[in-house]
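Contents: one structure, followed by commentary.
The values are calculated or read from the model by the stated rules, or taken from the named source; none is laboratory data. These figures come from a predicted structure and were not determined experimentally. Please note: Cβ atoms are built from the backbone with ideal geometry, for glycine as well, and neighbour counts cover all protein chains shown. The protein model used for the area step is the full one, side chains on, heavy atoms only, and it has no ligands, DNA or RNA in it. Shrake-Rupley method; radii C 1.70, N 1.55, O 1.52, S 1.80 Å.
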Amino acid sequence: MCFRKRNGYRPPDNSNANIYTGPIQAERESPMARSERPSGRARRPAAQRPNPCCFCWCCCCSCSWKEDENRARRKSQDTKLETIPNCEACTKPTVDEMRQWAQCFDKLMKSPAGRNVFREFLRTEYSEENMLFWLACEELKKEMNTSAIEEKARLIYEDYISILSPKEVSLDSRVREVINRKMQEPTPHTFEDAQLQIYTLMHRDSYPRFLNSSIYKNLLQSGSRSSSES
């Protein structure tokens, strides 16, 4: 079944029938059209904001988009996928379990408590979107309803794949091309390649710093103290 485009999507043309481009920006009114408006009450001059960099959306140099990005990052746990809670329900981890998190990244990611602590660390590094994307992919894999799969896939794309999103995750061009093709007929495994790439990124980049962070060390010390006192 073809992926149904919803409000905010450009209808596919014949030349790019197999490429999913995600949501598009609304067209801006031309300066000439604005000048032809009938003059009403005086309006306050709008705050001047430079255009984003022509080459990327990564807020290079002194681009004022950085202010918007920081504001979005402070709200990084807010997502269109309401099934992802701010904190996963879990039991209090034992000291042994917390120590096992340092043995293997897989053990950390398989533990709800471990994911919560790691996610808190990622938030301090402004990279929580990596965990949110990974969790969203896990939720998508559990979905069986075709309509729900299409809807969740669309939201994941808009939240984490689209270059217009402040929570865009870092993916290479090959993976993006694969996703754009698969979005024509979404399945629970549409983002499988991207999920693996983000998992590997967290493992190699964030995980070593997490083990040396005060968040993990303080939690481990607190758990050891509580265990010895009891």
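Evaluate E = 1/(1 + (r/R0)^6) for HIS189 and ASN218, where r is the Cβ-Cβ distance and R0 equals 45 Å; express this FRET efficiency to the nearest 0.05.
The pair HIS189/ASN218 has a calculated efficiency of 0.75.
Share of the stretch 174-230's accessible area from carbon and sulfur, percent, 1.4 Å?
It is 49 percent, rounded to a whole number.
Multiplying the sequence separation of LEU211 and ARG181 by 0.36 nm and subtracting their Cα-Cα distance, what value in nm do you get?
So the extension gain works out to 7.0 nm.
Find, among the trypsin sites (Lys or Arg not before Pro) in the stretch 110-168, those assigned to loop by DSSP (not H, G, I, E, B) with at most 16 other beta-carbon atoms within 10 angstrom.
When the trypsin sites (Lys or Arg not before Pro) of the stretch 110-168 are filtered for loop state and at most 16 Cβ neighbours within 10 Å, nothing remains.
How long is the gain from LEU196 to GLU138 if the chain were fully straight, where each residue apart is worth 0.36 nm and the alpha carbon distance is subtracted?
Gain on stretching LEU196 to GLU138: 19.8 nm.
Per-residue HN-Hα couplings for the stretch 171-181, Karplus 6.51 cos²θ - 1.76 cosθ + 1.60 at θ = phi - 60°, whole Hz, x for Gly and Pro?
Calculated HN-Hα couplings, in order: 10, 7, 5, 5, 5, 5, 5, 4, 4, 4, 6 Hz.
Along Cα→Cβ, 7 Å out, is where each label goes; now give me the distance between the ones at HIS203 and THR124 in nm to one decimal.
2.4 nm
With every protein chain left in place, what is the accessible area of THR146 in Å² (1.4 Å probe, nearest 10)?
Approximately 70 Å² for this residue.
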